[in-house]
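Comments concern the structure below.
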């Protein structure tokens with residue numbers, strides 16, 4: 001009988017996260033494998049006590065957290081970690097996602113990364129601001145590099161609003177992107193597991209430029225066309241993701257753009273929308289991948 005470990009964040013204790021963990025536990029029971037669920041804190045102290053220094057303790061580890069150092073350490077100890085640390089880091093940082101995909105010519109909105117800033121002092125580089133305005137025009141999108149559920153994403157309409165937003169962000173990294181007007185309030189979420197698109201939904205928000213359900217968007221089942229499916233699968237292959245949610249924009253002229261890639265995409269909404277249990281897909285993939 002296969003035995004896996006699901007690692008969850010120590011501090012994200014909400015009904016929403018508990019529901020996902022239970023979906024994994026139920027899927028594991030249904031598949032006939034054992035799944036231990038532990039917090040990152042529990043695993044860190046067990047590693048320090050040498051409890052987890054044998055790679056045969058678990059056949060696989062589903063890393064449902066973003067504690068990169070912990071994922072790296074488990075990989076170094078010989079565990080089969082899904083997703084691997086580098087893939088999680090590449091997805092968690094929107095600038096890293098953009099740069100990694102850019103090197104493989106993946107279509108994305110025109111993007112400008114922020115220069116490194118050591119202090120939250122309100123000072124900006126005027127030349128950088130001027131050139132960014134010319135490249136993207138207005139409105140433009142500014143995204144903090146770290147954020148989820150459509151949070152820390154801003155639509156700005158003028159140079160003054162742009163500089164105010166950047167000053168408010170302070171010393172945190174961000175990206176500036178050209179606004180894809182034809183896709184405003186619309187996107188497609190394609191869930192990929194093991195190199196296959198297993199479920200998809202279309203999201204729409206008539207009152208916000210962000211399509212996220214958490215921001216008031218609505219969802220409907222969606223069947224991606226061949227171009228969309230190939231794009232999502234290629235993105236996951238480049239980022240070496242075992243599973244991920246890939247958000248795709250389609251402009252009014254039909255052009256496709258990768259918006260974001262989520263290594264730990266929440267899938268309860270996708271289940272409610274499509275009936276596809278992504279937890280079951282991930283568990284089955286983890287078990288079969290270890291055969």
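Read the figures in this text as sums done on the coordinates, not as results from a lab. Note that the structure is predicted; figures quoted are calculated from it, not measured. Note that each Cβ is placed from the backbone with ideal geometry, even for glycine, and that neighbours are counted across all protein chains shown.
Tabulated results
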{"item": "Length gained when the stretch residue 11-residue 230 is fully extended (0.36 nm per residue, less Cα-Cα span)", "result": "75.2 nm"}
{"item": "Estimated inter-spin distance, residue 208 and residue 157, nm [label 7 Å along Cα→Cβ]", "result": "1.8 nm"}
{"item": "Cα long-axis angle, helix 15-31 against the chain (0 to 90 degrees, to the nearest 10)", "result": "40 degrees"}
{"item": "Degrees between helix 159-169 axis and first principal axis of the chain (Cα, 0 to 90, nearest 10)", "result": "30 degrees"}
{"item": "Helix-only [θ]222 nm of the chain, DSSP H runs n ≥ 4, -39500 (n - 2.57) each, per residue, nearest 500", "result": "-11000 deg cm²/dmol"}
{"item": "Ranked by how many other beta carbons lie within 10 Å on average, peptides 192-198, 72-78 from highest", "result": "192-198, 72-78"}
{"item": "Gained length - residue 103 relative to residue 240, 0.36 nm times residue gap less alpha-carbon distance", "result": "47.9 nm"}
{"item": "Calculated FRET efficiency for the pair residue 1/residue 123, C-beta based, R₀ 51 Å, to 0.05", "result": "0.30"}
{"item": "Relative contact order computed over the chain (Cα-Cα under 8 Å; 6+ residues apart), in percent", "result": "19 percent"}
{"item": "Residues listed by number, the stretch 127-141, amide nitrogen under 11 Å from residue 255 label point at 7 Å toward C-beta", "result": "none"}
{"item": "Folded to 0 to 90 degrees: helix 226-238 orientation relative to the chain principal axis, Cα", "result": "70 degrees"}
{"item": "Beta bridges per DSSP with both ends in the chain, % antiparallel, nearest 5", "result": "75 percent"}
{"item": "Along each principal axis, Cα extent of the stretch 111-179, largest first, Å", "result": "30, 26, 18"}
{"item": "Per-selection Kirkwood Rh - the stretch 3-83 (Cα, Å, 1 d.p.)", "result": "12.9 Å"}
{"item": "Chain lengthening between residue 181 and residue 168 when straightened (0.36 nm per residue, less Cα-Cα)", "result": "2.2 nm"}
